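Beneath this line is the structure, given in structure tokens, with notes to follow.
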């Protein structure tokens with residue numbers, strides 16, 4: 001499968017996942033609003049700040065992983081895709097932990113620093129995995145190529 005075909009499949013999948021993430025996100029926001037209006041402010045805060053982002057981000061991540069797994073049957077390529085998915089889940093979990101520490105106002109200064117450093121390490125590791133995927137699969141659509149293609153500058 002060529003690069004253009006892969007990009008089109010990834011773009012179509014991203015549109016579907018965005019639609020689903022918006023629908024689920026609105027459901028979470030409205031349920032948090034119901035909690036808030038019924039006097040459960042702490043439960044509403046937990047719904048908005050701890051549940052909303054991880055659920056919508058996991059939807060996007062699962063859709064991307066499923067599409068990437070269909071492109072290449074190589075064991076090495078599939079392993080790298082699963083590493084990227086696992087790394088994404090760890091970053092989502094770290095972000096959720098950071099939100100929980102801030103929301104519950106515990107001694108969170110060291111935790112915030114640790115979570116921020118883990119997210120930065122995750123971003124660097126994700127770009128390294130993306131580069132390794134490009135080495136294994138010549139037609140891999142990198143994050144940079146995908147973001148450029150979305151705005152019409154696909155090379």
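Residues of segment 95-134 being within 13 Å of the chain's Cα centre (by Cα) and closer than 18 Å to residue 45 by Cα, which ones?
95, 96
For residue 109, state whether it is within 29 Å of residue 50 (Cα to Cα) and at pLDDT 80 or above.
No; evaluated as a whole, the condition is false for this residue.
Which pairs do you get when a residue that is closer than 26 Å to residue 142 by Cα, found in segment 110-130, comes within reach of a residue that is outside any helix (DSSP H, G or I) and at pLDDT below 85, reach meaning Cβ atoms under 6 angstrom, with the pair 6+ apart or on two chains?
130/142
Given the criterion without any contact (Cβ under 8 Å) to a residue 24 or more places away in the chain and either more than 14 Å from the chain's Cα centre (by Cα) or assigned to a helix (DSSP H, G or I) (or both), identify the matching residue among 16, 79.
Working: 16 fails: without any contact (Cβ under 8 Å) to a residue 24 or more places away in the chain.
Being without any contact (Cβ under 8 Å) to a residue 24 or more places away in the chain and either more than 14 Å from the chain's Cα centre (by Cα) or assigned to a helix (DSSP H, G or I) (or both) holds for just one of 16, 79, which is 79.
If I filter segment 56-82 down to residues being within 23 Å of residue 120 (Cα to Cα) and out of contact with any helix residue (DSSP H, G or I) (no Cβ under 6 Å at 6 or more places or on another chain), which single residue comes out as surrounded by the fewest Cβ atoms within 10 Å (Cβ to Cβ)?
Checking each candidate, the answer is 79.
From the residues in segment 124-141 that are touching a helix residue (DSSP H, G or I) at 6+ places or on another chain (Cβ under 8 Å) and assigned to a helix (DSSP H, G or I), which one is farthest from residue 3 (Cα to Cα)?
The residue in question is 125.
The values are calculated or read from the model by the stated rules, or taken from the named source; none is laboratory data. This one's a predicted model, so the numbers in the text were calculated from it and none came from an experiment. Neighbour counts are summed over all protein chains in view; Cβ atoms, including those assigned to glycine, are modelled from backbone coordinates with ideal geometry.
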